[in-house]
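Written out below as structure tokens is the structure these notes cover.
The values are calculated or read from the model by the stated rules, or taken from the named source; none is laboratory data. For clarity, every value in this text was computed on a predicted model and none was experimentally measured. Every residue, glycine as well, gets a Cβ built from its backbone with ideal geometry; the counts of neighbours run over all protein chains shown. Accessible surface is based on the protein model in full, side chains and every heavy atom, while ligands, DNA and RNA are left aside. Shrake-Rupley method; radii C 1.70, N 1.55, O 1.52, S 1.80 Å.
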Amino acid sequence: MKRSEPAAAEPAFANPAKAKTPKRPPRRRAPTPGSSFRPKLVLASASPRRLQLLEQAGIAPDALRPSSVDESVSKGEVPRHIVRRLARAKAEAALKITKSEPEFAKAFLLAADTVVAVGRRVLGKAELEHEAADMLRLLRGRAHRVHTAVCLVTPEGRWRERVVETRVRFRNISDQEIGAYLASGEWKGKAGGYAIQGIAGAFVVKLVGSYTNVVGLPLTEVVSLLAGEGYPVTLLWLSKSEVETE
């Protein structure tokens, strides 16, 4: 009686299903139309401009959790690195707060930071009138860049970041115009000492890039980040349409 031959070993490539692949964290899926589930969103900012921009895009944060971080700049630090570092620091600080709140422990968290730069010189937020005056004199008749970093933390703990740059050129505004603008008070707490969505819009002769970035939050990138991580942006638009037609 012949002994049966042992079966030949199966080639490693014969059954791809058996090959081990590294596991990725599960990606949150957007709820289907008609679903009552909507993930929560926390904005790590007290800026009314950022809140208004999100609402303009049909997104209403469920909570605001601004955080106080050290915004001092290291010598030689470039603008892109500054905004990225500060946006991440704001997100980390806000995340510590929301982790202790059961309602928002699994929420999306969005943070951002904006600076204005002339060459390598960084202009932060103007807090005093003479600071704003110096900034406006520096900006008049020349181009500058506005950098904003956006940091998104997902409920699964993924971190997503974008840095957006916009080039802006001011006309040669007069001392009289600068004085009148300072009297308006619009410059207070604004990066570069001006708010493009207000009177200072009349100073701009050229803008290349995202306008909403200069206001304080680049909407194209924010919506893309949120939608890419499963936040139901378009469903919010649909629900808004249903409310308005009722």
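Residues in region 94-138 that are of a type in the set (A, V, I, L, M), within 21 Å of residue 60 (Cα to Cα) and in a helix (DSSP H, G or I): 94, 95, 97.
Contact map, region 68-80: first residue closer than 21 Å to residue 167 by Cα, second residue in a loop (DSSP other than H, G, I, E, B), Cβ cut-off under 7 Å, separation 6 or more or different chains; pairs are 78/120. Restricted to region 27-63, and to residues there that are modelled with pLDDT under 90 and touching a helix residue (DSSP H, G or I) at 6+ places or on another chain (Cβ under 7 Å), the residue that is most open to solvent (accessible area, probe 1.4 Å) is 33. The selection criterion, being open to solvent by 30 Å² or more (accessible area, probe 1.4 Å), touching a residue at least 40 places away in the same chain (Cβ under 8 Å) and over 30 Å from residue 185 (Cα atoms), holds for residue 103. What's the number of the condition residue 115 fails, among (1) at pLDDT 95 or above; (2) under 23 Å from the mean Cα position of the chain (by Cα); (3) crowded, with 20+ Cβ neighbours inside 10 Å? Here residue 115 clears every test but (1).
With respect to residue 165, determine if the residue is touching a Leu at 6+ places or on another chain (Cβ under 8 Å), under 22 Å from residue 80 (Cα atoms) and either modelled with pLDDT under 95 or surrounded by fewer than 19 Cβ atoms within 10 Å (Cβ to Cβ) (or both). It is false that residue 165 is touching a Leu at 6+ places or on another chain (Cβ under 8 Å), under 22 Å from residue 80 (Cα atoms) and either modelled with pLDDT under 95 or surrounded by fewer than 19 Cβ atoms within 10 Å (Cβ to Cβ) (or both). Of all residues in region 72-94, at least one satisfies being of a type in the set (Gly, Ala, Ser), more than 20 Å from residue 236 (Cβ to Cβ), within 18 Å of the chain's Cα centre (by Cα) and surrounded by fewer than 21 Cβ atoms within 10 Å (Cβ to Cβ).
Remark: pairs (first residue in region 132-143, open to solvent by 20 Å² or more (accessible area, probe 1.4 Å); second residue part of a helix (DSSP H, G or I); Cβ separation under 7 Å; 6+ apart in sequence or on different chains) = 137/178.
Per-residue answers, yes or no, for (1) open to solvent by 30 Å² or more (accessible area, probe 1.4 Å); (2) modelled with pLDDT of 95 or more; (3) out of contact with any helix residue (DSSP H, G or I) (no Cβ under 6 Å at 6 or more places or on another chain):
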position	(1), (2), (3)
170	no, yes, no
179	yes, yes, yes
193	no, yes, no
205	yes, yes, yes
208	yes, yes, yes
211	yes, yes, yes
214	no, yes, yes
217	no, yes, no
220	yes, yes, yes
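The numbered conditions (1) closer than 23 Å to residue 224 by Cβ; (2) outside any strand (DSSP E or B); (3) at pLDDT below 95 are all true for residue 66 except (1).
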